[in-house]
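Engineer: Could you have a look at this structure, given as structure tokens, before my questions?
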Amino acid sequence: MIDFGLYTAYLFFFAALLGAVGFAIFNASKSPGTFKKSLIGVGALVGLFIISYLLTGSAVSPEQAAKGITESSSKLIGAGLTMLYLSMAIAFVGIIYSEISKALK
């Protein structure tokens, strides 16, 4: 019974993924300017991840190694956390900037 639920969840996940990608490509073909802006946003996120990956270390403690965590997985986890922190800081600065500039106008 559990296997059936997992396979159904996988099916729905991949159907949603296919729908999301399909509709994005369909709408991008209608207006290429919007697609260009989307690619700039995706490129910015990829760039932020690369910066985060380069900033993180790959140290693994003996307790983590006993749980099966390797240096590469430690680095990816650290990069994800660093990217989260950088994204939150950028969003926070953006919110503060927009509110201050709106108040001064």
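The values are calculated or read from the model by the stated rules, or taken from the named source; none is laboratory data. Please read these numbers as outputs of a predicted model, since none were measured by experiment. Please note: Cβ atoms are built from the backbone with ideal geometry, for glycine as well, and neighbour counts cover all protein chains shown.
Table: residues versus (1) modelled with pLDDT of 90 or more; (2) hydroxyl-bearing (Ser, Thr, Tyr).
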{"residue": "2", "(1), (2)": "no, no"}
{"residue": "7", "(1), (2)": "yes, yes"}
{"residue": "11", "(1), (2)": "yes, no"}
{"residue": "18", "(1), (2)": "yes, no"}
{"residue": "23", "(1), (2)": "no, no"}
{"residue": "26", "(1), (2)": "no, no"}
{"residue": "29", "(1), (2)": "no, yes"}
{"residue": "33", "(1), (2)": "no, no"}
{"residue": "36", "(1), (2)": "no, no"}
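Here's the yes/no breakdown for (1) under 23 Å from residue 44 (Cβ atoms); (2) of a type outside the set (Ser, Thr, Tyr):
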position: 61; (1), (2): no, no
position: 74; (1), (2): no, no
position: 78; (1), (2): yes, yes
position: 84; (1), (2): yes, yes
position: 88; (1), (2): yes, yes
position: 91; (1), (2): yes, yes
position: 96; (1), (2): yes, yes
position: 104; (1), (2): no, yes
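Engineer: Right, here's the next one. On the given criteria, is residue 52 surrounded by 13 or more Cβ atoms within 10 Å (Cβ to Cβ), outside the structural domain of residue 21 (by TED's automatic domain parsing) and touching a helix residue (DSSP H, G or I) at 6+ places or on another chain (Cβ under 6 Å)?
Structural biologist: Spelling it out, residue 52 is indeed surrounded by 13 or more Cβ atoms within 10 Å (Cβ to Cβ), outside the structural domain of residue 21 (by TED's automatic domain parsing) and touching a helix residue (DSSP H, G or I) at 6+ places or on another chain (Cβ under 6 Å).
Engineer: Still on this structure: Which residue out of 93, 42 is of a type in the set (A, V, I, L, M) and at pLDDT below 90?
Structural biologist: Matching residue, one of 93, 42: 42.
Engineer: Of everything in region 63-80, what is surrounded by 11 or more Cβ atoms within 10 Å (Cβ to Cβ), part of a helix (DSSP H, G or I) and free of Cβ contacts under 8 Å to residues at least 12 places away in the same chain? Give them in sequence order.
Structural biologist: 64, 65, 73, 77
Engineer: Okay, next question. Hey, can you tell me all the residues within region 8-45 that are surrounded by 10 or more Cβ atoms within 10 Å (Cβ to Cβ), more than 27 Å from residue 83 (Cα to Cα) and among the hydroxyl-bearing types (Ser, Thr, Tyr)?
Structural biologist: Once the filter is applied, which keeps residues that are surrounded by 10 or more Cβ atoms within 10 Å (Cβ to Cβ), more than 27 Å from residue 83 (Cα to Cα) and among the hydroxyl-bearing types (Ser, Thr, Tyr), region 8-45 yields 8, 10, 31.
Engineer: Additional query: Look at region 45-62 and say how many of its residues are assigned to a helix (DSSP H, G or I) and modelled with pLDDT of 90 or more.
Structural biologist: Qualifying residue count, region 45-62: 11.
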